[in-house]
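Since every read-out is calculated from the coordinates, none of them should be taken as a lab result. All figures in this text were calculated on a predicted structure; none of them were measured in a lab. Neighbour counts run over all protein chains shown; Cβ positions are idealised from the backbone, glycine included.
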Amino acid sequence: MQILNNISLKPYNTFGIDAVAKHFTSVSSISDLKTVLTLENHPNKLILGGGSNLLLTKDYDGLALHVNLKGIEIISEDENTAIVKAQAGENWHEFVIWCLKHDFGGLENLSLIPGNVGTTPIQNIGAYGIEIKDTFESCEAINLESLQFESFTKEDCNFGYRNSTFKQENKGKYIITSVCFKLSKKNHTLNINYGTIANELENNGITNPTIQDISKAVIAIRQSKLPDPKEIGNSGSFFKNPVISKLEFNELLKNFPNAPSYPISDNEVKVPAGWLIEKTGFKGKQFGNYGVHKKQALVLVNYGGAKGSDIFNLSKLIQKTVKRLFDISIEAEVNIL
């Protein structure tokens, strides 16, 4: 473990923002992590994982701590299910592929989502009808005050739409070090009715899909709509899909009778934020070296050399415009520093 000074965080955020951390270290063991957390001369710390859910708008005048814990293991299994534990620093998509190679089902719809395993419960990441909570068994996290390890069950995490206890009452109080998932070994429950998965499978002549087929379909769909962060800086979906009351949605239908929605409960619906943004005319707009992606209005992009503050200001303008036109508030999904 080594503490470095004045290090660019460009490699550690998928937006590719060239912000500088006054101090930086990367830890690959629990003992090193504990050591760093006890350093009294570095009280302010920025915890970094895969950097896929972070927009840096300024330099960081503290210690950037990159959590690089690695390892995947099967904790227990029976005839039908397996409990698989992944360390926080494992790349999420690579972990999904590992599970698919072992024919463990449940995560295939979450293929190609950027980021690392450790941050997935924080956001309760989801895509194509599946969320982390659907397979989540437990996670281990270190309490930043006591430096003791604590285990969180699904109930403890209080999962909601792109939400959890780690974004609410326990925000900033823990570092997740590993996550356990309960996955199927046979008789997999397939979810192909969300988005265009069924169409993609049909176009490929697949009538009896496997979990591997679904993963390949999701990857193809995502690659057709979303930019690769290695080529164009982005954090995936920048905004959450707003959840509004059915009464509010009925008001929206008066002016936009074709507005799409997804039922959440008897009284609430989810409206696609991408549709709202597209209707404002921002989709595909470019402002010098940053803008809104041409294929997906939810994605803000850094074409190279953009400042995080520019992208942040664009996000506020989009929010303001959506509110003015639809009287609907959309929230940022990414963390902004």
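Modelled spin-label separation between residue 3 and residue 228, with each label point placed 7 Å from Cα along the Cα-to-Cβ direction: 3.8 nm.
Normalised by residue count, region 1-142 yields a Cα convex hull volume of 114 Å³ per residue. With N as its number of residues, region 72-224 has a Cα radius of gyration that, divided by 2.2 N^0.38 Å, comes to 1.06. Of the peptides 104-111, 322-329, the ranking by mean beta-carbon count within 10 Å, highest at the top, reads 104-111, 322-329.
Alpha-carbon geometry of region 220-337: the Rg and the Dmax are 14.7, 46 Å, given in that order. Solvent-free Debye calculation, one equal scatterer per alpha-carbon of the chain: log10 I(q)/I(0) at 0.09 Å⁻¹ equals -0.51.
Full extension of the segment from residue 184 to residue 74, taken as 0.36 nm per residue of separation minus the current Cα-Cα distance, would add 38.3 nm. In the chain, taking the dipole from charged Cβ atoms about the Cα centre, the farthest positive-side position among 82, 287, 319 is held by 287. If only the Cβ of Lys and Arg carry +1 and only the Cβ of Asp and Glu carry -1, the dipole of the chain around its Cα centre is close to 1240 debye.
Neighbours of residue 143 by Cβ distance under 9 Å: Lys/Arg scored +1, Asp/Glu scored -1, total -1. Shown here: region 137-259, whose C-alpha atoms stretch 53, 44, 36 Å along the first, second and third principal axes, sorted largest to smallest. Straight-line cross-link reach from residue 246 at under 13 Å between alpha-carbon atoms covers these aspartates and glutamates, not counting any fewer than eight positions away in the same chain: 266, 268. Highest mean first, the peptides 64-71, 135-142 sorted by other C-beta atoms within 10 Å per residue fall in the order 135-142, 64-71. Taking label positions 7 Å along the Cα-Cβ direction at both residue 41 and residue 161, the computed distance is 4.9 nm, reported to one decimal. Over all other residues within a Cβ to Cβ distance under 10 Å of residue 204, the charged ones net out to -2, with Lys and Arg as +1 and Asp and Glu as -1. Just to check, using Stokes-Einstein with a Kirkwood Rh over alpha carbon pairs, what's the diffusion coefficient of region 4-67 at 20 °C and 1.002 mPa s in µm²/s? It diffuses with D of about 181 µm²/s by this estimate.
Any of 34/182; 34/70; 230/283; 133/320; 10/294; 167/254 with alpha carbons more than 26 Å apart? Name them for me. With Cα atoms farther than 26 Å apart: 34/182; 133/320; 167/254. Taken over region 71-112, the convex hull of the Cα atoms encloses 64 Å³ per residue.
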